[in-house]
1. If I filter the range 42-96 down to residues being at pLDDT 70 or above and among the hydroxyl-bearing types (Ser, Thr, Tyr), which single residue comes out as most open to solvent (accessible area, probe 1.4 Å)?
2. So is Tyr129 surrounded by fewer than 17 Cβ atoms within 10 Å (Cβ to Cβ) and assigned to a strand (DSSP E or B) or not?
3. From the list Asp248, Asp252, Asp262, which residue is loosely packed, with under 11 Cβ neighbours inside 10 Å, at pLDDT below 90, within 30 Å of Tyr201 (Cβ to Cβ) and not β-branched (Val, Ile, Thr)?
4. Just to be sure I understand the filter: pairs with C-beta atoms under 7 Å, separated by 6 or more residues or on different chains, first member in the range 239-262 and of a type in the set (Asp, Glu), second member in a strand (DSSP E or B). Which pairs pass?
5. Out of all the residues in the range 171-181, is one or more buried (at least 21 other Cβ atoms within 10 Å of the Cβ), among the β-branched types (Val, Ile, Thr) and under 16 Å from Ile221 (Cα atoms)?
6. Could you tell me whether the range 192-203 includes any residue that is touching a Phe, Trp or Tyr at 6+ places or on another chain (Cβ under 6 Å), of a type in the set (Asp, Glu) and open to solvent by 10 Å² or more (accessible area, probe 1.4 Å)?
7. Identify the residue in the range 137-170 that is farther than 30 Å from Asp27 by Cβ and polar (S, T, N, Q) and, among all such residues, is least open to solvent (accessible area, probe 1.4 Å).
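The values are calculated or read from the model by the stated rules, or taken from the named source; none is laboratory data. Quick caveat, the model's predicted, so the values are computed rather than measured. Every residue, glycine among them, receives a Cβ derived from its backbone with ideal geometry; neighbour counts consider all protein chains shown. Note: areas computed on protein heavy atoms with side chains; ligands, DNA, RNA excluded. Shrake-Rupley method; radii C 1.70, N 1.55, O 1.52, S 1.80 Å.
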Amino acid sequence: MAELDIIASELLKSANEADKNYAKTRDQSQKDKATRLRVIVQNLKTLTLGASDLNGLSDVTLTGVTNGQILLYDGATEQWINGSAGGGGDMLKSVYDVDNTGVVDNAEAISIIGRNSTGATLYRGTIVYISGSTGNRPNFAKAQANAEATSAGTFGVVRDDIANNADGFVTTLGYLDNLDTRTVATHPFTDVTLADGDTVYLHPTVAGYITNVKPSAPNHIVYVGKVTRTSPTNGTIVYRIQNGYELDEIHDVAISSKANNDLLVYESATNLWKNKTFSAIFGGTPLVSVPTLDQVTTAGNTTTNAISTGKITATDTGISGTTRPFNAVATGAQTYVAIAALYAPNTNVAGRYAIFTYGTESAAGNSAELRFYYAGNNNSGSRLELAFNGYANPVLSATVGGNVLIGTTTD
């Protein structure tokens, strides 16, 4: 009988191993193998112990059985133990598959099996992306928000440590419990102090890490989830990966062959925003510095065009000319041509005038003049005159010395 017990024990181990293989690979043949082996073990134990119910089996421990309980296998003791399923309720089909489709209606997390081929262990809490595939397994690698290649495909969080060249699970949506959320954890997944309620993002500078600091351009924004509890042992984070977008990934934006200083312009014909050059939009080239008069003339604004300005500042050499260095000319069908003229001496020489004339100069008395007579530095004879063109004596003048003269320039 002892020999049969040994055989039954070995068959049971093989059945358990087949169950583990099925959980990893979903290979139906492994599940069928486990079922066959357990039937054989059951028959052997019945022969050995004469058992007719579960209580008579050596690998089953029943204690206080109640209605609706199930047998749960304990890998540590290699015993089947009666109890309720996790989650605070019995794992009954009427509860978890209400619509009778054969699919669990609700879950706290969705996990996908994949391969770690990075050359090092991927620890629990590490954020990963899919870098390729090995056989029928996606390859997991540490994600990082500093580049498109390592952030755009951010996939999930490592559920349990995955050794190099081994398969393991990554949670793509849902909770991860019993986390050490500290920066001083044995295998940390963040370098910032997290707080309950924090929004966390993919880290731009540390691969696989999360941060509560929202990345800014040129780094990429990848929303990871929310911290629901911080703890050295019982931390919880709910994950919902949302990858950010670049401008040219938006459905109503079409960017091609972009160049420095391109503008984004809406094109009604295609209902798209497109990149275009300044010259393609406005014609010509933008001014990058204050142009000279020659440049304005070359660009098409010739000197015959009207030029409006708020103020002109001239130095003693900035405006020059022997008779009329500044002249404002009327346009249109007016009879008068010259509407204003400014005369100034080339040098500050005593006895010379600076004259502003308003009107036409065709005949004496046809224009008014505002004159400044320069008699010399700090000379009381310098005066301001109001006169008519063609008449030497002003109508009215005021000297620096404070005298007012009428019809004469002599005190």
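1. Thr63
2. Values: surrounded by fewer than 17 Cβ atoms within 10 Å (Cβ to Cβ): no; assigned to a strand (DSSP E or B): yes.
It is false that Tyr129 is surrounded by fewer than 17 Cβ atoms within 10 Å (Cβ to Cβ) and assigned to a strand (DSSP E or B).
3. None of the other options fit; the residue is Asp252.
4. Filtered contacts from the range 239-262: Asp252/Leu272; Asp252/Trp273; Asp262/Asn275; Asp262/Lys276.
5. Within the range 171-181, not a single residue is buried (at least 21 other Cβ atoms within 10 Å of the Cβ), among the β-branched types (Val, Ile, Thr) and under 16 Å from Ile221 (Cα atoms).
6. Looking for residues that are touching a Phe, Trp or Tyr at 6+ places or on another chain (Cβ under 6 Å), of a type in the set (Asp, Glu) and open to solvent by 10 Å² or more (accessible area, probe 1.4 Å), one finds none in the range 192-203, hence no.
7. Per the stated criteria, the residue is Ser151.
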